[in-house]
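The values are calculated or read from the model by the stated rules, or taken from the named source; none is laboratory data. No experiment lies behind these values; they were computed from the predicted model shown. For neighbour counting, all protein chains shown are included, and Cβ atoms are generated from backbone atoms with ideal geometry for every residue, glycine included.
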């Protein structure tokens with residue numbers, strides 16, 4: 001007996017570290033009226049879909065969201081940002097490295113998600129500075 005898969009195969013991003021990820025969105029979780037979760041979206045070259053990482057909305061000193069923001073910025077927050085907060089939209093367009101894993105999505109299908117952020121490699125930082133200069 002021959003069994004044929006009739007469902008369309010969707011390419012899923014492989015698990016691993018991706019060196020040239022770009023922050024594509026920073027939004028509160030849509031299902032929450034008072035956001036308790038902030039969703040960071042990332043784009044990777046060669047993959048059309050956004051890969052996300054969810055963090056609690058806390059920006060306390062050792063919170064994951066603050067740590068991720070500092071990793072993306074490539075620096076610690078300055079005193080003014082620490083006291084007044086940081087406009088998270090400044091992260092959009094910034095480069096970093098991401099570690100992708102698979103979690104169960106709807107129907108139990110694997111879905112890529114970000115488990116860890118790492119600082120951008122030096123080449124990505126240089127490329128980002130060139131793009132910022134062009135925009136000015």
Test: residue in the range 30-37 that is within 16 Å of the chain's Cα centre (by Cα), closer than 23 Å to residue 110 by Cα and either touching a residue at least 12 places away in the same chain (Cβ under 8 Å) or surrounded by 14 or more Cβ atoms within 10 Å (Cβ to Cβ) (or both): yes
Some residue of the range 74-86 being within 17 Å of the chain's Cα centre (by Cα) and part of a strand (DSSP E or B): no
Failed condition for residue 27, given (1) at pLDDT below 95; (2) exposed (fewer than 13 other Cβ atoms within 10 Å of the Cβ); (3) assigned to a strand (DSSP E or B): (2)
Checklist (1) in contact with a helix residue (DSSP H, G or I) (Cβ under 7 Å, 6 or more places away or on another chain); (2) closer than 21 Å to residue 122 by Cα; (3) modelled with pLDDT under 95 applied to residue 59, failing item: (2)
Among the residues listed as 72, 98, the single one being touching a helix residue (DSSP H, G or I) at 6+ places or on another chain (Cβ under 8 Å) and under 23 Å from residue 15 (Cα atoms): 72
Residue match in the range 77-86 (condition: modelled with pLDDT of 95 or more, surrounded by fewer than 18 Cβ atoms within 10 Å (Cβ to Cβ) and either more than 19 Å from residue 121 (Cβ to Cβ) or in contact with a strand residue (DSSP E or B) (Cβ under 9 Å, 6 or more places away or on another chain) (or both)): no
Yes/no for residue 52 being part of a strand (DSSP E or B) and more than 21 Å from residue 13 (Cα to Cα): no
